[in-house]
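The block underneath contains the structure these notes are about, expressed in structure tokens.
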Amino acid sequence: MITLPRYPISYLVRLTLVCSPVIFCYLSSNSETFVLHPTNYLEISVVRSLSITASPGVDGILVRVLKENIDIMDEVLVNLYNRSIETATFPTPLKIAKVVPVYKQGDKNDCQNYRPISVLPVINTIFEKLIARRIRTFLEAFHIIVPEQHGLRTNHSTSTAVITVTELINNAFDENKLVSGWFIDLKKAFDTVTHSMLLIKLEKYGFRGHAQQFCHSYLIERSQVVPVGNVPGCPSWQCKISI
């Protein structure tokens, strides 16, 4: 029998230990520096776009409750987020994830047959959306994200990737050229990213000084709990890998 409260994290730790710690030294440093600007009441309205069916985090706060009371909660959230940005300190309670192991198929005693779903507090989700918007704007403004990347980008998807590849193939055929394609599937790509390596890359991309401190605070002291039945579990296992 596997121990559910520990399996998602311990499995990824073992997986990461066998991965080569490649540091991307070939990356050129970006001369621009990312500046983390404070938020405002208008930005907090992003909460209205959240689905009310989303599961609550370890704090038990429902999205529906927050959406219905955002008019009286917006000042509290703005002050909380801006204080976090000002001090470059991400609140520790927002870094506790509730992990739900979702069975896929195969042997139920094999941890590889479960997909861990991490549920974070809704207050964290709102904050992450605000920060992600700033980061995305910076990366695209200074062309740090290559045009050929279609994943995790606004107005891009697998469909746009297929269209791009199709156009390349058709253009090559029109010029009587040979076409070959290499398709690589990286196993557990996001799950095996070490925080130290990520911070090194971020610094090269322009996340220095205050922004680097904020990113470091965001990544450290993260923990997970795996509820079993009605037992919520206790935060454990400081996470130094996975994004």
Consider a paramagnetic label point 7 Å from the Cα of Val119 along Cα→Cβ; state which residues of region 54-96 have an amide N under 16 Å from it.
54-66, 95-96
Rounded to the nearest 20 debye, dipole of region 50-107 from Cβ charges on Lys, Arg, Asp, Glu
260
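Between the DSSP loop rule and a limit of at most 16 other Cβ atoms within 10 Å, which trypsin sites (Lys or Arg not before Pro) in region 170-204 are left? Let's see the in-between values first.
On the way: sites: Lys177, Lys187, Lys188, Lys201, Lys204; in loops: Lys177, Lys187, Lys188.
In loop regions of region 170-204 (DSSP not H, G, I, E or B), the sparsely surrounded trypsin sites (Lys or Arg not before Pro) are Lys177, Lys187, Lys188.
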Using modelled backbone amide H atoms (1.01 Å from N, in-plane), which distant-in-sequence or interchain residues come within less than 5 Å of Val119's amide H?
Lys98, Val99, Val100
Mind checking region 99-151 for chymotrypsin sites (Phe, Trp or Tyr not before Pro) that DSSP puts in a loop (not H, G, I, E or B) and that have at most 11 other Cβ atoms within 10 Å?
none
What nm distance separates the two modelled labels at Asp191 and Ser29, each placed 7 Å from Cα along Cα→Cβ?
3.6
Potential lengthening between Leu178 and Leu198 on full extension [0.36 nm per residue; Cα-Cα distance subtracted]:
3.4 nm
Mind sorting Ser217, Ser29 by how few other Cβ atoms lie within 10 Å of their own Cβ, fewest first?
Ser29, Ser217
Can you flag which of Lys67/Lys188; Lys108/Lys187; Lys98/Lys188; Lys98/Lys201 are past 30 Å Cα-Cα?
Lys67/Lys188
Chymotrypsin sites (Phe, Trp or Tyr not before Pro) within region 143-215: which are DSSP loop residues with at most 11 other Cβ atoms inside 10 Å?
Trp182, Phe183, Phe190
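Taking the Cα centre of region 155-230 as origin, work out the dipole magnitude from +1 charges on Lys and Arg Cβ and -1 charges on Asp and Glu Cβ, in debye rounded to 20.
Computed charge dipole of region 155-230: roughly 340 debye.
We did not get these values from a lab; they are worked out from the coordinates using the rules stated. Computed from a prediction, not measured in an experiment: that's the story for all the values here. Note: ideal-geometry Cβ built from the backbone for every residue, glycine included; neighbour counts use all protein chains shown.
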